[in-house]
Every structure is written in C-alpha cells, then in structure tokens.
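*Asks:* Provided herewith is a single structure, encoded as structure tokens, for subsequent inquiry.
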Amino acid sequence: MVSDISPSRGTIAGVVARPKFLLTLFVAAGCLAGACSPGADDEVLVFVASSLSQPLTELATHYENETGTRVRVATGSSAALREQILDGAPAAVFVSASEEIMDTVADDGLVVGEATPLAANHLVLAVAVGNPLGVEGVNDLARESLRIGACTPKAPCGSLAEAVQTSLGWRFSIDGREANAAALRTKISVGEYDAALLYATDARTEAATVEVVDSPELSSSLTIYPVARMVGAGESASAEAFVDWILRPENRARLETYGFTNPSER
C-alpha cells in the first residue's frame, strides 16, 4: 500500500503522528484501530522520497510476494518525511533523496547503525517532447519568455537546482516551485512549464511527454539516496530483513532500470 504524505507536519495519509510517539492508525491505511501495530514483525512501514516511490513500491510488492511480510510505503518530499520522523511517526525504514537530510535524522539519534547509499540520481533539463520552443541548453534558461519550474529549496531536488545556479555563476528566474520531485514531474508533463530542472529518473518516466536537452553543466548535480532503519520500529527483524533485501545487487539493478545509478560508481 502506498500513502502520500501531507506537507504539514504530523500527517501522512493513513497515519497521524503526534509528538511523544502517540500514533493513530486509520482504516484508510488498511488497519482497524488496534488490529495492527506499526512495529509488528509482520509489517514494515517505509518512508520513501517521492522520486523513488514507483520503483520502491514495486520492490515492496516483490518482497511481499517472496516473504509474506507486508510493506507499507509512504511517499513525500524527503524534508517533509524527515519532519514526520522527528515528530514521532513510526517509520521502520527511511529512504531519503539526500544524505544531508538523513544526517539530521541520525544527529537526533533516530538511525539504527549507519545509513547505506542505495542509489544515485541527478538533474537534467527537461522540456516538452519535440522541444517546441527550441531550448538548446542551460544558457537558454535566461530567456524571459520561458516558464521554468523547479522544486522548493527545502526538497533535495530544489537544493540541487540552487546549487546549479551557484555553479553557473548567474541566476535565472524560476516561475514555479513544487513541493517534491513527483509534483514537478507532473507539472512539466502536462505543459505547465516550458522547462524544468528535473531528476533524470523522472524525465525517463515521462518520456512520452518530456524530453531531455543535453546539458553538461548538470552532470555534477548529483544526489545520493541513503537507506536506514529507524530507532523503534526499525529495530524489528522484519525491518532489518527488508533493508538487507533491497541492498542486494539484483534489487539495485532493478532501480537502474528506472534510470537510477549505483552510488559506488559515481
């Protein structure tokens, strides 16, 4: 089951997290009150960055079929997921789109052991398929007529976009900021933006409506996705087994079919 996180602190679809680890589970999340526990050994609650939601959800389905262990996936901006965890949401596993965000969770003493790099991604310059406005590269982002989209700076995809502007030594106007990578992918795919600084994996997902403009300047806009178990629910045998499973070479290879790369090769 996949749930989307609310941008406000304290709520995920299906899960309400309150300070001091008080939790209410709703029927919408597939649990009757008292019928299941977020830390139960037969269930793993995984918080996943939105840009990794589709492949992680498919991996979770494979895992359920192989082991019989139920995996619930809640997706959202890594920054919003972090706030949920810090507020007491009972995530067993966290997959962030940013090592820095994972580090802040670890600094609060909420990571079991150490986080492990799972995958890597980078930004590309995405435009509508056919490139009707003739965007030739990053320098064209200076064109005032272009509607340019990016993620909010709080999200890893947005902080990467900010880093791109810094590395260029000049700033272009960004007309819209989206809360996470999935929202930006949707907006560029339906034509609300003429160009966007999008994850390579999202551009690949939307290949029917979006194409990539060759931009060597973006090749270093890299982010690493670490995975870690969380103190509390993540200390279960089921959580440990799930993390070990997704780190297997064959499952990393499944991520590469979506355009992610192996972080050890970067």
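*Asks:* Given the peptides 222-234, 84-96, 124-136, arrange them by the average over their residues of other C-beta atoms within 10 Å, most packed first. Let's see the in-between values first.
*Replies:* Working: 222-234: 21.8, 84-96: 23.8, 124-136: 16.8.
Most protected by this proxy first, the peptides run 84-96, 222-234, 124-136.
*Asks:* Given 132, 213, 189, which one lies farthest toward the positive end of the charge dipole of region 121-222, if we put +1 on the Cβ of every Lys and Arg and -1 on the Cβ of every Asp and Glu?
*Replies:* 189
*Asks:* Hey, another quick one. Taking 35 Å as R0, compute the FRET efficiency from the Cβ-Cβ separation of residue 257 and residue 99 and round it to 0.05. Display every interim value, and only then the final one.
*Replies:* On the way: r = 23 Å, r/R0 = 0.67.
It comes out at approximately 0.90.
*Asks:* What's the exposure ranking of 122, 62, going from fewest to most Cβ atoms within 10 Å?
*Replies:* Details: 122 18, 62 14.
Ascending number of Cβ neighbours within 10 Å: 62, 122.
*Asks:* If each residue's Cβ is checked for other Cβ atoms within 10 Å, how do 167, 189 rank with the fewest at the top?
*Replies:* Details: 167 11, 189 22.
By the 10 Å Cβ count, ascending, the order reads 167, 189.
*Asks:* If one computes the Cα centroid of region 181-216 and of region 43-110, what distance in Å separates the two points?
*Replies:* Their Cα centres are 24 Å away from one another.
*Asks:* Rounded, prolate or oblate: which fits region 121-222 when a ≥ b ≥ c are the square roots of the eigenvalues of the alpha-carbon gyration tensor, with rounded for a/c under 1.5 and prolate only if a/b beats b/c?
*Replies:* Numbers: a/c = 1.31, a/b = 1.11, b/c = 1.18.
The shape class here is rounded.
*Asks:* What's the magnitude of the charge dipole for region 121-222 around its Cα centre, counting Lys and Arg as +1 and Asp and Glu as -1 at the beta-carbon? Answer in Debye, nearest 20.
*Replies:* Working: 8 positive and 13 negative charges, 60 e Å.
So the dipole magnitude of region 121-222 works out to roughly 280 debye.
*Asks:* Please report 202, 107, 175 as a ranked list, fewest other C-beta atoms within 10 angstrom at the top and most at the bottom. If you can, show how the numbers build up before the last one.
*Replies:* On the way: 202 27, 107 9, 175 15.
Taking fewest neighbouring Cβ atoms as first place, the list is 107, 175, 202.
*Asks:* May I ask you to list the trypsin sites (Lys or Arg not before Pro) in region 117-216 that are in a DSSP loop and have at most 13 other Cβ atoms within 10 Å of their Cβ? Spell out each step's value before the answer.
*Replies:* Numbers: sites: 143, 147, 154, 171, 177, 185, 187, 204; in loops: 143, 147, 154, 171.
Passing both the DSSP loop test and the Cβ count: 171.
Only the coordinates and a few stated rules stand behind these numbers; no lab work does. In this text the structure is predicted, and so the values were computed from the model without any measurement. Note that we place each Cβ from the backbone using ideal geometry, even for glycine, and neighbour counts take in every protein chain shown.
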